[in-house]
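The structure appears right after this line, and notes come after that.
The values are calculated or read from the model by the stated rules, or taken from the named source; none is laboratory data. What you see is a predicted model; the values in this text were computed from it and never measured. Note that each Cβ is placed from the backbone with ideal geometry, even for glycine, and that neighbours are counted across all protein chains shown. These area figures cover heavy atoms from the full protein model, side chains too; ligands, DNA and RNA do not enter into them. Shrake-Rupley method; radii C 1.70, N 1.55, O 1.52, S 1.80 Å.
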Amino acid sequence: MKTSGLLMGLLFITQMVIAQEGDPFKSTGRIPDELFLSTVEKYNKKKKEALKANINQPRELRQSQGIFYQSSYFIIDAIKSNAGIYINDELTIYINKIADEILKDDPVLRSKLHFYSYRSPYANAFSTDQGDIFVTVGLLAYLHNEAELAFILCHEIVHFKKQHNIVKFTETAKAELGMGKYKDVAVDESIEAIHGFSRELETEADLKGMQMFLKTKYDIKSVATMFDALEASSLPFRNDKFDPLLIGTDFFSIPEKFLPKKKEKEQIESDDEDDEDKSSSHPHIDDRRQYTSEFITEENLKSSNITFLHKTETEFALLTEKAKHAMCYYYFDNGQYVKCMYLAYLLNIQTPKEEYVKLMMKSSYTAMMLKNKKKSISEKRWEVFEGEEYPLYHLLYKSKKETLGSINFLIFWSYLSKNPTDSFWRYATLLSLNEMVNACGKNWSSYQSNNFDTTSKTSEHIILMMPYLKKAFNEPLFKQLFGNISDYKFNPADKEENQENDFHKISKQAEPPGIKSLLIINPFYLREDAAVDGGIDFITAYSKETIILNHLKYASNKAGIKTSIVDARIAGKYDGEIFDEIAVATSYFDKFAEIAFDTSIAIMPSSEKRIEALSRKYDARYFMYFGMRSYRGGVDYDNMWVLAWVAIFPNLLPQVIMTTFAKYRKSEYYYLIVDSQTGKVVTSGYLETEGLRDNTPIVTRTLYEIFKTLN
């Protein structure tokens, strides 16, 4: 009865989870005070402490440590302000309650730590030397109970308490500088030694973490099941066979013969396990199980037997279901379309929901569109797919373009025919229709001329789908919504060459419409300086970023454009939801980066409703991404070739010295404007001002010129 009751409860809470579209975790309320602290002040304080503590260390080592402190402080704070974290969401509140329990007898240490849930599908937790501890949503999704999460927090607390990040960096710096025991040691031996040292630190975090964990009431046996969860986290939650009938309708579903019955070959050869262990930063998981199991004594078993303290088993199960739900959106936003499609499929088996079908079809459409336009697909290059994910990998990345294009159209159409008033299915069907025409290429004309009857030249897969295509094109609803299929022509000009995903290759694209209002999302400024250790002047960049925000506001208003800026650095104390807004918009911009800012392509966001909500809140149809980079160097290396002329024309020497070794300055401006209603790039541009300082009058004037072209 207890088991069946839990299953019924899980079914009910799963339905509750998926009742809302998009990420179920919501930032809200008051932003923690530590996020308003100046990064410059925190870094300067740490720098003074480090200099005092390391006064007897060699200069080169102190210099390396200074670069580490500066980059880590500014990068970690950038991750937080760029919405890598949630604020006051259910998971972050829960993590902090567990931390309070662990550290209830050490309030001083607790006051130094800040716990956040982190937007990522990967199972991980990590700490920083400044007291931030992050737990990914993907990790929570694989855990079985609260006690497992408590041990993970203990492990990360030890990392902070022992300052393992700094210890590891110092050891790495010594190896790179050839100091101490690394003197006259071969590079590969040094690298192997550093990996070994890292494993020692992880072992210490496990052992000291166990001692900390034993002081709580949590069940010590949960440490073993936690390692089981970590081991399973590299695989999908289940390995259910992909049934194409569950993604289709009565009108059409993917023919099973389109999918391989088994994996044809390994995508990459797996390395020898011993070699993997040598290069790993963590001990082998079996070793971790073994040495932590030594703490399981009869006495410890009696004193620690609680698996849930701050949530019930059912409440924890609800939280893990929410995490899985969120992972679908993370995968899609990350461009991991096979991962998104299979996880959405698994969740749809558990609780059938149109939202999951939409995510599956968005994944398939986006992969098709990227293939059609010859854009780079990172998942195809780097991921390795095993088990039942492999048929989907084969479908998205191995099948012919016209096959996948026809499948996508037929499934979109089959859902639209059932829901003819649904704006998503209508828009998606039109997009997939155009992509199918382009995917068929020159064959499309012959299909049309043969009235979509098969010929001897028709491929086997298209032969199977041709009757469905013909039936769809002859439906009165199709003609009412999209006109006659004879009007759809293949245009070779649409088959563009691959563009580099790089603003440096982009000149101004397209003439934008008269834009009267604009939403600017999380603008950034980067200062590179050859005279600064590490090459990046984080301190100047930090101070300039806030000034740039003012420049943007002033220049846009002067150009007659009403602007709203969404940025955590200028948020009010109770504007916690701004972290979600930045995350939504940033993921949206990432989709345009995938298509190399091509103005001819319409993208599908992971959640149209959240984009629409953002547009409504700020009364802005158009979203803007803006970035600025300035460079200061002692030498303009582009002019170095001129020195060769001195040997031939010595009288040029004074002029060459002036032009070559003068202080070289350059500022770059990047911008992207997208239409939130059409899902298309309106315009994008890259401007460069050489030899000019990035001072207020010049920056304001340049920004004004950019905004003036939009209005």
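Qualifying trypsin sites (Lys or Arg not before Pro) in segment 305-388, where qualification requires a DSSP coil assignment and no more than 14 other C-beta atoms within 10 Å, comprise LYS374. Calculated on the Cα set of segment 162-232, radius of gyration then Dmax: 16.5, 50 Å. Shown is the FRET efficiency for LYS479 and SER376, computed with R0 = 35 Å from the Cβ-Cβ distance and rounded to the nearest 0.05: 0.40. Semi-axes of the equivalent ellipsoid for segment 17-132, computed as √(5λ) from the eigenvalues of its C-alpha gyration tensor and ordered from largest down, come to 32, 17, 13 Å. Distance between the modelled labels on LYS573 and THR421, one decimal in nanometres: 4.7 nm (7 Å Cα→Cβ projection).
On a per residue basis, the chain carries 46 Å² of accessible surface, using protein heavy atoms and a 1.4 Å probe.
At 10 °C and a viscosity of 1.306 mPa s, what translational diffusion coefficient does Stokes-Einstein give for segment 314-371, taking Rh as the Kirkwood radius over Cα pairs? Give it in µm²/s as a whole number.
138 µm²/s
A Cα-only calculation for segment 369-469 places Rg and Dmax at 14.9, 42 Å.
The stretch between THR599 and LYS302, if pulled fully straight at 0.36 nm per residue, gains 100.4 nm over its current Cα-Cα span. Between LYS516 and ASP487, residue separation times 0.36 nm minus the direct Cα-Cα distance comes to 6.9 nm.
Here each label is just a point 7 Å from Cα along the line to Cβ, and for LEU430 and SER293 those points are 6.2 nm apart.
With distances taken between every two different alpha-carbon atoms, segment 76-215 has a Kirkwood hydrodynamic radius of 16.3 Å. Pairwise Cα distances in the chain exceed 38 Å in 47 percent of cases.
Full extension of the chain between LEU177 and ASP243 gives 18.1 nm of extra length, using 0.36 nm per residue less the Cα-Cα distance. Is any residue of segment 174-188 close enough, with backbone N under 17 Å, to a label point placed 7 angstrom from the Cα of ARG62 along the Cα-Cβ axis, and if so, which? Answer for segment 174-188: 174. What the Cα atoms of segment 510-612 give is an Rg and a Dmax of 16.3, 47 Å. Legend: translational diffusion of segment 65-138 by Stokes-Einstein, Rh = Kirkwood radius over C-alpha pairs, 10 °C, 1.306 mPa s; D = 121 µm²/s. In this simple spin-label approximation, ASP188 and GLU383 carry label points 7 Å from Cα along the Cα→Cβ vector, and these lie 3.4 nm apart. For segment 57-97, state the average projected area of the convex hull of the C-alpha atoms over all orientations, rounded to one decimal in nm². Orientation-averaged projected area of the Cα hull: 4.1 nm².
The charge dipole of the chain, taken about the Cα centre with unit charges on the Cβ atoms of Lys, Arg (+1) and Asp, Glu (-1), comes to about 2360 debye, rounded to the nearest 20. The reciprocal of the average 1/r between distinct C-alpha atoms defines the Kirkwood hydrodynamic radius, which for segment 280-363 equals 16.1 Å.
Exposed loop sites, defined as GluC sites (Glu not before Pro) outside DSSP H, G, I, E and B with at most 12 other Cβ atoms within 10 Å, are absent from the longest region of the chain, namely 1-263.
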